[in-house]
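Participant: The structure follows.
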Amino acid sequence: MAGKDHRTRVTKMLIRRAFTDLLRVKPVQSISIKELCEKAGVNRGTFYAHYASVHDLLKQMEDEMLAEIGEALARLLPPDGKGVSSLRISTELFQCLKDNADLCIVTLGDFGDKSFAVRLLNMGWEKCIEAYSRYFRDATPKQIAYFYAFVSEGCIGLLRRWLREGMSTSAEEIAAMAEQLMLYGASSLEKAKP
(Lines give C-alpha, C1' and ligand atoms only; values in the text may rest on other atoms or scores of the structure.)
Protein backbone atom coordinates (compact mmCIF):
# COMPACT_ATOMS: atom_id res chain seq x y z
CA MET A 1 0.00 0.00 0.00
CA ALA A 2 2.84 2.40 0.85
CA GLY A 3 4.33 1.88 -2.63
CA LYS A 4 1.04 2.77 -4.27
CA ASP A 5 0.70 5.93 -2.13
CA HIS A 6 4.22 6.97 -3.11
CA ARG A 7 3.48 6.40 -6.82
CA THR A 8 0.27 8.41 -6.50
CA ARG A 9 2.13 11.31 -4.87
CA VAL A 10 4.85 11.25 -7.52
CA THR A 11 2.29 11.07 -10.34
CA LYS A 12 0.30 13.98 -8.94
CA MET A 13 3.50 15.98 -8.47
CA LEU A 14 4.49 15.37 -12.12
CA ILE A 15 1.04 16.40 -13.32
CA ARG A 16 1.01 19.47 -11.09
CA ARG A 17 4.49 20.56 -12.23
CA ALA A 18 3.59 20.13 -15.91
CA PHE A 19 0.31 21.98 -15.36
CA THR A 20 1.90 24.96 -13.62
CA ASP A 21 4.58 25.12 -16.33
CA LEU A 22 1.85 25.31 -18.97
CA LEU A 23 -0.15 27.88 -16.97
CA ARG A 24 2.87 30.18 -17.07
CA VAL A 25 2.50 30.52 -20.84
CA LYS A 26 -1.19 30.01 -21.57
CA PRO A 27 -4.63 30.22 -19.94
CA VAL A 28 -6.20 27.10 -18.46
CA GLN A 29 -8.82 27.03 -21.26
CA SER A 30 -6.03 26.47 -23.80
CA ILE A 31 -4.43 23.51 -22.02
CA SER A 32 -5.48 20.13 -23.39
CA ILE A 33 -5.33 16.86 -21.48
CA LYS A 34 -3.16 15.42 -24.26
CA GLU A 35 -0.64 18.26 -24.00
CA LEU A 36 -0.59 18.08 -20.20
CA CYS A 37 -0.09 14.30 -20.17
CA GLU A 38 2.74 14.49 -22.69
CA LYS A 39 4.50 17.16 -20.65
CA ALA A 40 4.00 15.20 -17.41
CA GLY A 41 5.03 11.89 -18.96
CA VAL A 42 1.81 10.12 -17.95
CA ASN A 43 -1.01 8.60 -19.98
CA ARG A 44 -4.54 9.95 -20.16
CA GLY A 45 -5.91 7.09 -18.06
CA THR A 46 -3.53 7.98 -15.27
CA PHE A 47 -4.62 11.62 -15.44
CA TYR A 48 -8.30 10.67 -15.34
CA ALA A 49 -7.70 8.36 -12.39
CA HIS A 50 -6.99 11.52 -10.35
CA TYR A 51 -8.77 14.41 -12.10
CA ALA A 52 -11.91 14.91 -14.16
CA SER A 53 -10.48 17.80 -16.20
CA VAL A 54 -7.80 20.50 -16.17
CA HIS A 55 -10.29 22.72 -14.35
CA ASP A 56 -10.75 20.01 -11.72
CA LEU A 57 -6.96 19.80 -11.35
CA LEU A 58 -6.72 23.57 -10.84
CA LYS A 59 -9.59 23.54 -8.34
CA GLN A 60 -8.04 20.67 -6.36
CA MET A 61 -4.69 22.46 -6.24
CA GLU A 62 -6.32 25.68 -5.07
CA ASP A 63 -8.49 23.85 -2.52
CA GLU A 64 -5.42 22.07 -1.08
CA MET A 65 -3.61 25.38 -0.68
CA LEU A 66 -6.64 27.05 0.92
CA ALA A 67 -6.97 24.09 3.30
CA GLU A 68 -3.31 24.51 4.34
CA ILE A 69 -3.86 28.21 4.96
CA GLY A 70 -7.06 27.46 6.88
CA GLU A 71 -5.18 24.99 9.10
CA ALA A 72 -2.43 27.56 9.70
CA LEU A 73 -5.01 30.21 10.65
CA ALA A 74 -6.81 27.80 12.97
CA ARG A 75 -3.56 27.02 14.79
CA LEU A 76 -2.49 30.64 14.95
CA LEU A 77 -5.81 32.26 15.84
CA PRO A 78 -7.19 30.50 18.91
CA PRO A 79 -10.87 31.19 19.70
CA ASP A 80 -9.97 33.08 22.89
CA GLY A 81 -7.64 35.42 20.96
CA LYS A 82 -4.85 34.96 23.47
CA GLY A 83 -1.28 34.70 22.30
CA VAL A 84 -2.09 36.13 18.88
CA SER A 85 0.90 37.73 17.19
CA SER A 86 0.19 39.39 13.86
CA LEU A 87 3.82 38.91 12.85
CA ARG A 88 3.65 35.20 13.59
CA ILE A 89 0.39 34.92 11.64
CA SER A 90 1.81 36.82 8.68
CA THR A 91 5.02 34.77 8.71
CA GLU A 92 3.08 31.50 8.71
CA LEU A 93 0.85 32.68 5.87
CA PHE A 94 3.76 33.89 3.74
CA GLN A 95 5.56 30.60 4.40
CA CYS A 96 2.48 28.68 3.28
CA LEU A 97 2.40 30.78 0.11
CA LYS A 98 6.11 30.13 -0.44
CA ASP A 99 5.55 26.41 0.03
CA ASN A 100 2.97 26.65 -2.77
CA ALA A 101 5.01 29.02 -4.93
CA ASP A 102 4.24 27.16 -8.14
CA LEU A 103 0.53 27.74 -7.71
CA CYS A 104 0.98 31.32 -6.51
CA ILE A 105 3.12 32.20 -9.51
CA VAL A 106 0.55 31.02 -12.02
CA THR A 107 -2.47 32.18 -10.04
CA LEU A 108 -1.19 35.72 -9.78
CA GLY A 109 0.39 35.66 -13.24
CA ASP A 110 -1.04 36.72 -16.58
CA PHE A 111 -2.96 33.49 -17.16
CA GLY A 112 -3.91 32.70 -13.57
CA ASP A 113 -7.29 32.18 -11.99
CA LYS A 114 -8.05 35.66 -10.68
CA SER A 115 -10.93 34.35 -8.58
CA PHE A 116 -8.40 32.42 -6.50
CA ALA A 117 -6.85 35.64 -5.19
CA VAL A 118 -10.34 36.75 -4.20
CA ARG A 119 -10.95 33.43 -2.42
CA LEU A 120 -7.65 33.84 -0.61
CA LEU A 121 -8.55 37.35 0.56
CA ASN A 122 -12.05 36.30 1.61
CA MET A 123 -10.63 33.45 3.64
CA GLY A 124 -8.65 35.83 5.79
CA TRP A 125 -11.45 38.38 6.07
CA GLU A 126 -13.23 37.09 9.17
CA LYS A 127 -10.09 36.21 11.13
CA CYS A 128 -8.31 39.45 10.25
CA ILE A 129 -11.34 41.59 11.02
CA GLU A 130 -11.53 39.93 14.42
CA ALA A 131 -7.80 40.43 15.08
CA TYR A 132 -7.82 44.06 13.84
CA SER A 133 -10.86 44.83 16.00
CA ARG A 134 -8.94 43.68 19.08
CA TYR A 135 -5.81 45.59 18.05
CA PHE A 136 -7.55 48.83 17.02
CA ARG A 137 -10.16 49.04 19.77
CA ASP A 138 -11.36 52.57 18.92
CA ALA A 139 -11.91 51.87 15.22
CA THR A 140 -15.41 51.39 13.82
CA PRO A 141 -16.32 48.24 11.89
CA LYS A 142 -16.41 50.35 8.71
CA GLN A 143 -12.87 51.65 9.35
CA ILE A 144 -11.65 48.11 10.01
CA ALA A 145 -13.27 46.91 6.76
CA TYR A 146 -11.57 49.66 4.76
CA PHE A 147 -8.27 48.97 6.50
CA TYR A 148 -8.54 45.28 5.59
CA ALA A 149 -9.32 46.15 1.95
CA PHE A 150 -6.28 48.43 1.82
CA VAL A 151 -3.78 46.08 3.46
CA SER A 152 -5.01 42.92 1.74
CA GLU A 153 -4.57 44.46 -1.71
CA GLY A 154 -1.17 45.75 -0.60
CA CYS A 155 -0.22 42.25 0.52
CA ILE A 156 -1.22 40.86 -2.89
CA GLY A 157 1.09 43.44 -4.48
CA LEU A 158 3.85 42.52 -2.03
CA LEU A 159 3.32 38.84 -2.85
CA ARG A 160 3.52 39.52 -6.61
CA ARG A 161 6.79 41.42 -6.13
CA TRP A 162 8.16 38.62 -3.93
CA LEU A 163 7.22 36.03 -6.55
CA ARG A 164 8.89 38.02 -9.35
CA GLU A 165 12.08 38.08 -7.28
CA GLY A 166 12.00 34.31 -6.90
CA MET A 167 10.94 34.41 -3.23
CA SER A 168 14.60 34.74 -2.23
CA THR A 169 13.67 36.89 0.78
CA SER A 170 12.57 34.82 3.78
CA ALA A 171 8.88 34.59 4.70
CA GLU A 172 9.76 36.14 8.08
CA GLU A 173 11.36 39.18 6.46
CA ILE A 174 8.42 39.68 4.07
CA ALA A 175 5.96 39.33 6.96
CA ALA A 176 7.90 41.87 9.06
CA MET A 177 7.97 44.29 6.12
CA ALA A 178 4.22 43.83 5.56
CA GLU A 179 3.49 44.42 9.25
CA GLN A 180 5.64 47.56 9.36
CA LEU A 181 3.92 48.95 6.27
CA MET A 182 0.46 48.09 7.63
CA LEU A 183 1.04 49.66 11.01
CA TYR A 184 3.28 52.58 10.15
CA GLY A 185 2.84 53.19 6.40
CA ALA A 186 5.48 55.32 4.73
CA SER A 187 6.96 56.29 8.09
CA SER A 188 8.25 52.69 8.35
CA LEU A 189 10.64 53.62 5.53
CA GLU A 190 12.05 56.43 7.67
CA LYS A 191 12.91 53.88 10.35
CA ALA A 192 14.81 51.88 7.74
CA LYS A 193 17.32 54.69 7.07
CA PRO A 194 20.89 53.88 8.12
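Participant: For region 178-194, name all the residues that are among the basic types (Lys, Arg) and modelled with pLDDT of 80 or more.
Facilitator: Quick first cut of region 178-194, residues among the basic types (Lys, Arg) only: 191, 193.
Across region 178-194, there are no qualifying residues.
Participant: Restricting region 104-125 to residues that are at pLDDT below 70 and small (Gly, Ala, Ser), which is surrounded by the fewest Cβ atoms within 10 Å (Cβ to Cβ)?
Facilitator: Taking the candidates together, the pick is Gly109.
Participant: Moving on to the next point. Working only within region 128-173, note down all residues that are within 23 Å of Leu108 (Cα to Cα) and open to solvent by 70 Å² or more (accessible area, probe 1.4 Å). Break it down into steps so the answer makes sense when it comes.
Facilitator: Residues of region 128-173 within 23 Å of Leu108 (Cα to Cα): 128, 146-173.
The answer is Tyr146, Phe150, Glu153, Arg160, Arg161, Arg164, Glu165, Ser168, Glu172, Glu173.
Participant: What number of residues in region 134-177 are touching a helix residue (DSSP H, G or I) at 6+ places or on another chain (Cβ under 6 Å) and either modelled with pLDDT under 80 or outside any helix (DSSP H, G or I) (or both)?
Facilitator: 1
The values are calculated or read from the model by the stated rules, or taken from the named source; none is laboratory data. What you see is a predicted model, and the numbers here were worked out from it, not measured in a lab. Backbone-built Cβ (ideal geometry, glycine too); neighbour counts: all protein chains shown. Calculation scope for accessible area: heavy atoms of the full protein, side chains included, ligands and nucleic acids excluded. Shrake-Rupley method; radii C 1.70, N 1.55, O 1.52, S 1.80 Å.
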